[in-house]
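The values are calculated or read from the model by the stated rules, or taken from the named source; none is laboratory data. Nothing here was measured: the structure is a model prediction, and the numbers come from that model. Heads up, the Cβs are rebuilt from the backbone with ideal geometry, glycines too, and the neighbour counts pull from every protein chain shown.
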Amino acid sequence: MYHSGQPRSRYHVFARVTRMLLGLLTLAAGLPAAAQRNMPEDPLPVNTVEGPAIDHKEPSFFGRPVERTPAAQWRRVERLESEKKFKAALHAANALVRTWHHSPEAAQAQLAVARLNEARNNPAAAFDEYQYLIDHFVGLFPFQPVLDRQYQIANHLLKPPKTFLGLAMNTMADARVRFEQIVRNAPNWERAPDALLKSASCHELDDDPIAAADAYAHLQTRYPAASAAVAAAAEEIRIRRALAQKYPQDEAMTRRAIASIDSALKAYGGRLNRDELAVWRAELKDAAMNRTYARAAFYDDTRKQPHAALTAYREFLRVYPDSPHAEAVRSRIRELEGATTDSSLSTTPGVTP
C-alpha cells in the first residue's frame, strides 16, 4: 500500500507511459500490412490493362469465423449452403478465406464465395470472386469450370445500355473489361477469340465505332485462323465503310475502309462475299477519286491558283493513273506547265517573251 501521493503519482505516470509505448509499437507493427493493403504487388506492373480486382483479403473484425479451425469453418460453410442459407454461407466462407488465407480449405472456400454470389443473383461480384480465385489460388481448383463460369457471366452482362430520353444511362465498359480479362486468363482457350469479338462489340454498343473497328482489326491480327476473325473482318469493313460515307471529306477514313476490304479479301476471300466487297471497294475508290479531282479543279477553276492546281493534278495522276479523268488531267497539266513557264520567262530580267 502506498502511504504518500508522490510515489503513487510516479507509478501512474510510469503505467501510462508504458501503455502509450505498447500502443505505438502495436500501431507500428500494423502499418506495413495496412500500407500494403492498397499497393500493387508489383510497383511497375507489366499488364496495366484495367480489369476486375479485389484487394488482398485480410482478417476482419466484422468478419471473424465462428469456428476455431479452418476445417471446422469449412464444414460450417458446407452445412449452411446445403440448407440454402446462402447469405450466412457466404459470410462464413469469406471469414475462412480472410482468417486462414493459406490453409488447405481457403481455395475451396473462395470458390464457394464466387458460387454463392451467383446463387444470390450477384453475377458481377461472382465474376470478381472467381478472378480472385484465379489470381491467388492458382493450381488449387478446377480451372476450366471456373473459366466457363466467367464466360457465362460476361455473356449475361452483355446487354445494350439502358437509355432514358435517348441518353445512355450506363456503359458497356463493365462487360467489355470482363471479356478482355477472360482472354488474359486463357489466351489460348478455344473461346478466347469469341470473347475478344464480344469485347469489340461492346465498343459499338457504347457508340464508339472507331474503337470497335480497331478492336475487330486487333482480333484478326491476334487470332487470324479463328472463325471469329472472319466475323471480325466483316464487322470491321461494315463499320469503316459507314464511317467513310458519314465523313466523306476525311480521306483517312476512306483509305482505312479500302484497306480493310483488301486485307479481308487477301486473308478470307473464300469465306466472304467477294462480289459485294468488290462493289463496295469500287464505290469507295470512285468517291475518293472524285473528291481528289474536285479539289484540283477547285484550285484551278475557282481559286485561280495554277501552282496549287498543278500540284493537285499531278498527285491525282499518281494515285489514279487509270481514272476516266486521266487524259483530261494530263492535257490540263501541259497547259498549266506551259503557262507557268511563259509566266516565269516574262518576269525574268533580260529575257524577251
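Mind listing whichever residues of the stretch 136-147 are crowded, with 16+ Cβ neighbours inside 10 Å and either out of contact with any helix residue (DSSP H, G or I) (no Cβ under 8 Å at 6 or more places or on another chain) or of a type in the set (V, I, T) (or both)? Before the answer, list the steps.
Applying the first criterion (crowded, with 16+ Cβ neighbours inside 10 Å) to the stretch 136-147 yields 136-137, 141, 146-147.
Matches in the stretch 136-147: V146 only.
Is it the case, given these coordinates, that S331 is outside any helix (DSSP H, G or I) and not acidic (D, E)?
On the way: outside any helix (DSSP H, G or I): no; not acidic (D, E): yes.
It is false that S331 is outside any helix (DSSP H, G or I) and not acidic (D, E).
Being farther than 26 Å from A124 by Cβ and either within 14 Å of the chain's Cα centre (by Cα) or not assigned by TED's automatic domain parsing to the domain that holds A124 (or both) narrows it down to one of A233, A173, A212, A228, so name that one. Give the steps one after another, and end with the answer.
On the way: A173 fails: farther than 26 Å from A124 by Cβ; A212 fails: farther than 26 Å from A124 by Cβ; A228 fails: farther than 26 Å from A124 by Cβ.
So the residue among A233, A173, A212, A228 that is farther than 26 Å from A124 by Cβ and either within 14 Å of the chain's Cα centre (by Cα) or not assigned by TED's automatic domain parsing to the domain that holds A124 (or both) is A233.
Any residue at all in the stretch 145-166 that's among the basic types (K, R), out of contact with any Lys or Arg (no Cβ under 6 Å at 6 or more places or on another chain), farther than 27 Å from N94 by Cβ and at pLDDT 95 or above?
no
Which of the residues belonging to the stretch 198-249 are of a type in the set (D, E) and not in a helix (DSSP H, G or I)? Talk me through it step by step, then tell me what you get.
First pass over the stretch 198-249, keeping only residues of a type in the set (D, E): 204, 206-208, 214, 235-236.
Matches in the stretch 198-249: D206, D207, D208.
Would you be able to tell me the number of residues in the stretch 278-313 that are within 19 Å of E251 (Cα to Cα) and either touching a residue at least 60 places away in the same chain (Cβ under 8 Å) or in a loop (DSSP other than H, G, I, E, B) (or both)?
0
With at pLDDT below 85 and at positive phi as the only criterion, which of G350, G338 stands out? Even if it seems obvious, please write down each step before you answer.
Values: G338 fails: at positive phi.
Sole residue among the options that is at pLDDT below 85 and at positive phi: G350.
Take the stretch 64-88 and flag every residue that is within 21 Å of F127 (Cβ to Cβ) and either under 34 Å from the mean Cα position of the chain (by Cα) or of a type in the set (D, E, K, R) (or both).
Here is the first cut: in the stretch 64-88, the residues within 21 Å of F127 (Cβ to Cβ) are 77, 81, 86-87.
Result: E81, F86, K87.
Looking at (1) under 30 Å from W74 (Cβ atoms); (2) buried (at least 23 other Cβ atoms within 10 Å of the Cβ); (3) under 16 Å from the mean Cα position of the chain (by Cα), which is the only condition N185 fails?
(2)
With the requirement that a residue be among the small types (G, A, S), touching a residue at least 24 places away in the same chain (Cβ under 8 Å) and crowded, with 19+ Cβ neighbours inside 10 Å, what does the stretch 67-94 give you? First the steps, then the outcome.
Looking only at the stretch 67-94, we keep the residues that are among the small types (G, A, S), and these are 71-72, 82, 88-89, 92-93.
Narrowing the set further to residues that are touching a residue at least 24 places away in the same chain (Cβ under 8 Å) leaves 71, 89, 92.
Listed by number, the residues that qualify are A89, A92.
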